[in-house]
1. Return yes when Glu28 is at pLDDT 90 or above and either over 26 Å from Glu110 (Cβ atoms) or not β-branched (Val, Ile, Thr) (or both) and no when it is not.
2. Go through region 51-83 and count every residue that is under 30 Å from Gly129 (Cβ atoms) and surrounded by 14 or more Cβ atoms within 10 Å (Cβ to Cβ).
3. Of all residues being surrounded by 15 or more Cβ atoms within 10 Å (Cβ to Cβ) and under 13 Å from Ala48 (Cα atoms) in region 84-107, which is nearest to the chain's Cα centre (by Cα)? Just the residue, please.
4. Just one of Ala48, Ala73 is more than 30 Å from Arg27 (Cβ to Cβ) and modelled with pLDDT under 90; which is it?
Amino acid sequence: MSVIVQITTSLAAVFVGATVTYFVNVRERRRRHVEDLFNAAIAAVASAKAATMFINNVPADAGLDEGTAMTLALQLRSDGYRQLVERIADARSAISGVTPYRDDLAEFLEPIDAVVENSGEIIRRLKEGPSSPKG
């Protein structure tokens, strides 16, 4: 009878250890996922802010005739604004991804340029991490 008790005790200990390990790993994986969301949002907001500083003119000493310089300047502006709009959309998407953990960031989703205008405050709040233990 003592052999059966020893085997049962050993199996129960292994089961309890495996259960605890599983739940600790699931919790840690969830925490890392939330941290990754916040880090991605920080990067997206910083990228949107940086996209506002694009080259939109051709220097006068570039050696181009006026028509070519004007065409190039228009292309630079067009590309710059397109990239800015894409980066703002990416930042807004990333912010909306963290709003379940930090609902005070939802105020920066409207108007569209709020991400750029308030980038410093948004990044500060994102660096603070989740505001409640939802994850």
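The values are calculated or read from the model by the stated rules, or taken from the named source; none is laboratory data. No experiment lies behind these values; they were computed from the predicted model shown. Don't worry about glycine lacking a Cβ; one is built from the backbone with ideal geometry, like all the others, and counts go over all protein chains shown.
1. Here the answer is no, as Glu28 does not meet what is asked.
2. Going residue by residue through region 51-83, those that are under 30 Å from Gly129 (Cβ atoms) are 51-53, 83.
If we keep only those that are surrounded by 14 or more Cβ atoms within 10 Å (Cβ to Cβ) as well, we get 51-52, 83.
So the count comes out to 3.
3. If we take residues in region 84-107 being surrounded by 15 or more Cβ atoms within 10 Å (Cβ to Cβ) and under 13 Å from Ala48 (Cα atoms), then Ala94 is nearest to the chain's Cα centre (by Cα).
4. Values: Ala48 fails: modelled with pLDDT under 90.
Matching residue, one of Ala48, Ala73: Ala73.
Yes/no matrix, rows are residues, columns are (1) under 30 Å from Ser119 (Cβ atoms); (2) touching a residue at least 12 places away in the same chain (Cβ under 8 Å):
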{"residue": "Ile4", "(1), (2)": "no, no"}
{"residue": "Leu11", "(1), (2)": "no, no"}
{"residue": "Thr19", "(1), (2)": "no, no"}
{"residue": "Val24", "(1), (2)": "no, no"}
{"residue": "Asn39", "(1), (2)": "yes, no"}
{"residue": "Ala44", "(1), (2)": "yes, yes"}
{"residue": "Lys49", "(1), (2)": "yes, yes"}
{"residue": "Ala60", "(1), (2)": "no, no"}
